[in-house]
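A short reminder: the numbers here are calculations on the coordinates, not readings from a lab. All of these numbers come straight from a predicted model, not from anything done at the bench. Backbone-built Cβ (ideal geometry, glycine too); neighbour counts: all protein chains shown.
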Amino acid sequence: MSAQQVLQALGSSARRVEVVGEGKLAEEVRLLLGAALQQDPAAAPPTGVVVATGDPAAVAAALVRVDDLGTVVLAGAAPREPAVLDLYGDLHVRGLVLVGVPSAG
Amino acid sequence: MSDGLDDVAAAVVVDATGDAEAIGPALRAARDGGTVVLLGSPRGVSPDVPLRDLQERRLRLVGAHVSALATQAKREGGDPFGALARAFLEGVASGRVPAHDLSGEATDPREVGLMYARLAARELDRVHLDWTMLPPAQRLSGRRLLRWPALPETTCAVLPASPAPARTGAGVLRFAVLGCGDVGDAHARAVARARNAELVLLADAVPGLAEQVASRHGGTAVPQVEQALDPDRVDAVILAVPHDLHAPLVTQAARAGLHVVVEKPLGVDLRAARRAALAAERTGVLLSVCFPYRYGAGPAAARALAVAGALGPLRGAAVVFHADKPASYWVGGFSGRATSPWRAQRDRAGGGVMIMNLTHHVDLLLHLTGAVVEQVAAVARTAPGQEVEEAIAATLTFTGGAVATVIGSSSTRGAPPSRLEIWGELGTLQLEPEARLWTERALPGVVPGRWNALPEDGQDDVRTAYVEHFAAAVLDGRPPDVSAQQALAVQAVVDAAYRSVASGRPEAVEPA
């Protein structure tokens with residue numbers, strides 16, 4: 001896996017991106033995002049969120065936080081447990097994309 | 001055991017189930033690197049979204065809801081909905097998007113409730129709405145996607161109120177009227193008003209009655225029945241006499257070569273009715289029974305709608321009839337112009353409220369539904385010292401399983417409004433006390449899923465309409481609207497009801 005693949009997965013949502021996680025991959029993605037990295041939680045909703053924690057709860061939170069039509073990328077360590085998600089309110093109606101980038105990629 | 005989903009390996013899976021738990025199977029059906037489009041609105045929380053699979057297999061889960069297009073348009077301008085619609089329609093037109101196997105049966109959008117019911121019942125597995133079935137005034141135009149055109153504030157009338165006789169031939173049918181009591185007077189007036197009939201002769205066994213009626217409506221009173229049955233002077237005769245005289249006079253008139261109208265019932269009982277029908281058949285004259293309420297605007301509209309499928313398969317019917325007949329009725333009718341006890345005598349009248357009044361309702365039930373009654377179970381009340389029933393409650397079972405109750409009373413003080421209701425799988429018809437229809441079908445002039453008023457009219461002209469139709473049938477050389485066979489079917493139901501009252505058991509309706 002590379003930070004470049006994560007950026008590709010974000011696609012056109014890579015305009016205002018929040019990264020969740022503290023590992024090496026997360027740091028590389030932040031560096032690669034440059035000005036597109038959103039660091040102020042009070043700012044406008046991010047167009048993309050990269051979740052690199054392996055925590056299902058963080059994915060659910062990212063779907064709530066991301067802007068309409070935005071993208072949430074699962075990267076880094078894969079979640080071990082299934083997630084409990086409201087796919088209607090948090091994904092379907094708002095036109096979100098949830099995409100995976102495998103850890104071995 | 002494998003369910004095969006893992007072998008599908010689709011590049012794109014569209015989850016249109018609306019089931020919150022379908023996300024797992026949908027992801028499994030996608031190939032690695034594939035896309036799952038969440039198109040159906042999943043209701044409820046998805047408890048087991050396999051995020052590990054989604055990530056490790058590089059899957060994309062895409063939410064697709066029409067409101068996202070509005071968000072896109074707001075941010076970026078343009079018309080993304082229109083662009084998608086155009087792309088889809090161009091794809092269908094070019095064949096790149098094969099849709100013929102998805103379209104299924106075309107459905108009128110006004111019948112959407114019925115469509116979903118059929119889908120739920122698995123009568124259909126695919127269907128589409130054909131918006132061209134809507135009348136132009138009800139179609140949406142431009143971008144007014146969320147604005148439904150105004151529905152009529154009032155319920156709608158359906159068919160013309162006064163059906164004209166369906167006649168093609170010319171001429172006038174000459175009538176005699178036998179029996180000049182209350183009903184005979186009504187018949188004479190109807191003949192006098194009819195555009196294709198002439199009132200020529202009148203006769204009654206009671207001196208003076210025929211003269212009275214002739215003075216009101218025209219024609220010549222003659223003292224003897226035989227003089228009224230004169231084929232040189234009349235073409236047809238209307239019998240408005242006690243029920244026990246119907247069959248003998250039908251036979252006598254038929255032998256004279258006259259066409260015959262009988263005031264209901266056809267006979268005093270089923271056997272007599274059969275004799276009358278046979279006499280007409282053997283002599284080749286037309287025989288009809290006067291069931292004039294068929295010609296009311298409401299029943300006529302109801303019949304047209306029922307034939308068009310407004311009710312669907314018959315489920316049931318209910319009739320409640322009330323009359324408040326005074327004691328004087330039983331010895332002199334409503335007017336008292338002639339004194340005779342025949343209405344209260346079983347062997348002369350054949351019965352009470354069932355044969356005297358409810359025959360009209362039974363005829364309407366059969367006429368409007370086309371159904372066949374197989375069995376009748378009835379109970380009746382006959383007042384002490386009387387011969388004919390004053391009240392009856394009958395349960396009818398139709399071929400196909402539909403049921404009906406027919407209740408009548410001739411001694412209901414105050415005589416509240418009567419009721420006549422018929423219902424089927426797709427609609428309900430009420431003729432009394434209001435003439436209205438509810439149907440799920442989109443039929444001309446009808447709003448589905450609402451009560452639609454049927455046209456109303458007075459009762460004065462239905463008998464005239466009946467006479468005009470009968471005369472037209474004779475002049476055109478075709479069968480009358482109310483055939484002897486139909487009248488026999490009504491009589492057979494009445495007969496079964498009286499047999500049931502006597503036996504205390506349900507009785508099969510004999511073949512007409």
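Key figures
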read-out	value
Between the stretch B:287-353 and the stretch B:197-226, the Cα center-to-center distance that results, in Å	25
Contact order relative to length of chain B, as percent, for alpha carbon pairs under 8 angstrom and 6 or more apart	14
For B:Asn452, distant residues with modelled amide H under 5 Å away	B:Leu437, B:Trp438
Distance between modelled label sites at B:Asp48 and B:Glu76, nm, 7 Å Cα→Cβ extension	3.7
DSSP-defined antiparallel bridges as percent of all bridges, the protein assembly as shown, nearest 5	45
Charged-residue dipole, Cβ positions (Lys, Arg, Asp, Glu), the stretch B:376-466 about Cα centre, Debye nearest 20	220
Interchain or long-range residues, amide H under 5 Å from A:Ala83's placed H	B:Val49, B:Leu51
DSSP bridge orientation in chain B - percent antiparallel, rounded to nearest 5	45
Global geometry of chain B, whether rounded, prolate or oblate, following the gyration tensor of its Cα atoms and the 1.5 cut on a/c	prolate
Average Cα contact separation per residue, the stretch B:407-512, under 8 Å, 6 or more apart, as relative contact order %	12
About the Cα centre, charge dipole magnitude for the protein assembly as shown (Lys/Arg +1, Asp/Glu -1 at Cβ), debye	740
Residue exposure sequence - B:Leu475, A:Leu63 - by fewest surrounding Cβ within 10 Å	B:Leu475, A:Leu63
Chain B: angle of helix B:462-476 to the longest principal axis, Cα-based, in degrees nearest 10	90
Orientation-averaged projected area, Cα convex hull of the protein assembly as shown (nm²)	40.0
Calculated P(r) of chain A - Cα pairs past 18 Å, %	40
Overall Cα dimensions of the stretch B:232-364, principal axis frame, Å, largest first	45, 42, 27
Extent along principal axes [Cα atoms of the stretch B:1-75; Å; largest to smallest]	47, 25, 19
Exposed trypsin sites (Lys or Arg not before Pro) absent: longest stretch of chain B, with sites in DSSP loops and at most 15 other Cβ within 10 Å deemed exposed	B:234-412
